[in-house]
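Structure first, then comments.
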Amino acid sequence: MDFDHLAQQKQEQKAAAWLNLWSSRNPEISSMQLAERHRPGKAVSACLWRSGAFNICYRVRYDEGPDVIVRFAALGRAICRREKVQIEVATMRWIRHTTSIPVPEVFGSGVCWAGPYIVMAFLDGVPLSQILRDPSLAGRPVLNPQINNRDFKRAYREMASYILELSQYEFDSIGALEGNEGSFAITQRPLTFNMNELMVSANLPGEVFPSHSFKSATEYFETLAMQHLSQLRLQQHDAVSSKEDCQRKFVARCLFLEITKNLCTEHRQRPFRLYCDDFRPSNVLVDIATAHVSGVIDWEFTYTAPAEFTWVAPWWLLLQSPEDWEDDLDHFLARYLPRLDAFLEVLCDHENRLIEQQLLFEPQRLSLRMKDSMETGLFWTCLAARYSSMFDEIYWKFIDPQCYGTFTTLDDRIQLLSEEQRQEMRELVKLKTDKCAGDQENFRDHYPIDELLEL
């Protein structure tokens, strides 16, 4: 489903205003001052460093000792900035304390005039995606079809080892980590990439989203399905293009909600696994001189999730995000499946070695579950639950025929709805088609800039 162009435009305006203010107030000096507040020593210089979709980063050099990164959450790109930073700090500290995955040391965090920030160790290296990408294409990285097989397998082996290690830790709630110094707990709601997208690009109000952690995977999947329904109901512009389009989208969301109620059969109550929505090769830094991983960065939108999220095949094998996939998902699959076979081979080899060393038990294998996820459709169900932008394409292409049989007519699917749902559909169609052209004057911004400064 398309996002609201007016909501996106307004958030971009807020982001631009914040960036103008930011650049006018000596950000290099601010970065050095914040660095010294949390990491002892004398900062001598600062420069703009690699920035992502949600953050601005400055590298601060010291007269002695290693450099640090001061990372500021960008207003207008991330809505709940303070919550996002607090969760990421706790997550990075948990990973450093608990696992062997190399992540930057966090020296401190807080809130300054520009908003929330993190001061962390600087890790030198290039993103693993740069090694894997097609050098002939500009823009976002796309997997190089001619990549050397040795480099390809080495890169996949690194990713496989991190995924497998994270999968071995179990939690009794779905939500976000909180804590420090070895005392951590799941006490907060899961703040997801899609929640942020729905706030930024669909202008969904905060009350649509959960305010608590979850004890049930089924309840959580139903919550994700309800977010898709809320987007259709509440997005003010660009939600539908016609009466039939509105009916089709409503039917898909109602039927998907029913599917989620019976989705989890193995670990409905617990255990749950730590999952990062944006974990991908772009977040893995490689030291070119040694060819070793120097660290894994960008742990925002990490939370404990249903085990099914960990069990499905990785979405990033072609380096692209789901929203960047081709309109023709058959074409995507033709390129994806050979890479999945190669990844599963590497993962299986890694699992075999760990089992031989008695560091992994047979039931902890992921390779078989990931392979099954393509055959059972769990891959597409989890992806549809997590990505609003791709929901309709995925639902009608893969989920609906598997759950409800060959599609004949939309009226046949409408008959599967309850009378209450059909009545709501009729009212929603009238509401949405009457407002198809959109009304900019009556646009209600749920995230005015004065509120964003406090979030």
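The values are calculated or read from the model by the stated rules, or taken from the named source; none is laboratory data. The model shown is predicted, which means the values in this text are computed figures rather than measured ones. Here the Cβ positions follow ideal geometry from the backbone for every residue, glycine too, while neighbour counts run over all protein chains shown.
Some values worked out for this structure:
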quantity	calculated
In segment 90-105, residue nearest to L166 (Cα to Cα) [restricted to those that are in contact with an Asp or Glu (Cβ under 9 Å, 6 or more places away or on another chain) and aliphatic (A, V, I, L, M)]	I101
All positions within segment 127-155 that are over 22 Å from W49 (Cα atoms) and of a type in the set (S, T, N, Q)	S136, N144, Q146, N148, N149
Residue among I118, I131 that is in a strand (DSSP E or B) and touching an Asp or Glu at 6+ places or on another chain (Cβ under 8 Å)	I118
Test set (1) loosely packed, with under 14 Cβ neighbours inside 10 Å; (2) modelled with pLDDT of 95 or more - P363 fails condition number	(2)
Failed criterion for T310 (all others in (1) touching a Ser or Thr at 6+ places or on another chain (Cβ under 9 Å); (2) crowded, with 21+ Cβ neighbours inside 10 Å hold)	(2)
Helices (runs of 4 or more DSSP H) (entirely within segment 358-440) containing at least 1 residues that are touching a Leu at 6+ places or on another chain (Cβ under 6 Å) and over 21 Å from F3 (Cα atoms)	367-376
Matching entry among R422, R386, R444 (being loosely packed, with under 11 Cβ neighbours inside 10 Å and either closer than 19 Å to L198 by Cα or touching a helix residue (DSSP H, G or I) at 6+ places or on another chain (Cβ under 7 Å) (or both))	R444
Test for L347: is it in contact (Cβ under 8 Å) with a residue 60 or more places away in the chain and within 25 Å of Q146 (Cα to Cα)	yes
Segment 247-292, residues that are more than 30 Å from N55 (Cα to Cα), part of a loop (DSSP other than H, G, I, E, B) and at pLDDT 90 or above	P271
Tally, over segment 293-333, of residues that are among the hydroxyl-bearing types (S, T, Y) and out of contact with any helix residue (DSSP H, G or I) (no Cβ under 7 Å at 6 or more places or on another chain)	4
Filter result for L34 (free of Cβ contacts under 8 Å to residues at least 40 places away in the same chain and aliphatic (A, V, I, L, M))	no
Residue count, segment 5-30 (criterion: exposed (fewer than 12 other Cβ atoms within 10 Å of the Cβ) and either aromatic (F, W, Y) or not in a helix (DSSP H, G or I) (or both))	2
Answer residue from segment 313-332, given it is over 21 Å from the mean Cα position of the chain (by Cα) and assigned to a helix (DSSP H, G or I) and is surrounded by the most Cβ atoms within 10 Å (Cβ to Cβ) among those	H331
Tally, over segment 31-48, of residues that are part of a loop (DSSP other than H, G, I, E, B) and either on the phi > 0 side of the Ramachandran plot or of a type in the set (K, R) (or both)	3
The listed residue being touching a Cys at 6+ places or on another chain (Cβ under 6 Å) and modelled with pLDDT of 95 or more, out of R37, R59, R82, R93	R59
In segment 195-246, the residues that are in contact (Cβ under 8 Å) with a residue 40 or more places away in the chain, more than 20 Å from K14 (Cα to Cα), assigned to a helix (DSSP H, G or I) and among the polar types (S, T, N, Q)	T218, Q227, Q231
Whichever residue in segment 49-100 is among the polar types (S, T, N, Q) and part of a loop (DSSP other than H, G, I, E, B) and, among such residues, is surrounded by the most Cβ atoms within 10 Å (Cβ to Cβ)	T99
Single residue of segment 71-91 satisfying the filter (of a type in the set (A, V, I, L, M) and more than 22 Å from S30 (Cβ to Cβ)) that is farthest from the chain's Cα centre (by Cα)	A90
Residues being surrounded by 11 or more Cβ atoms within 10 Å (Cβ to Cβ) and under 15 Å from E258 (Cβ atoms) - total across segment 409-419	4
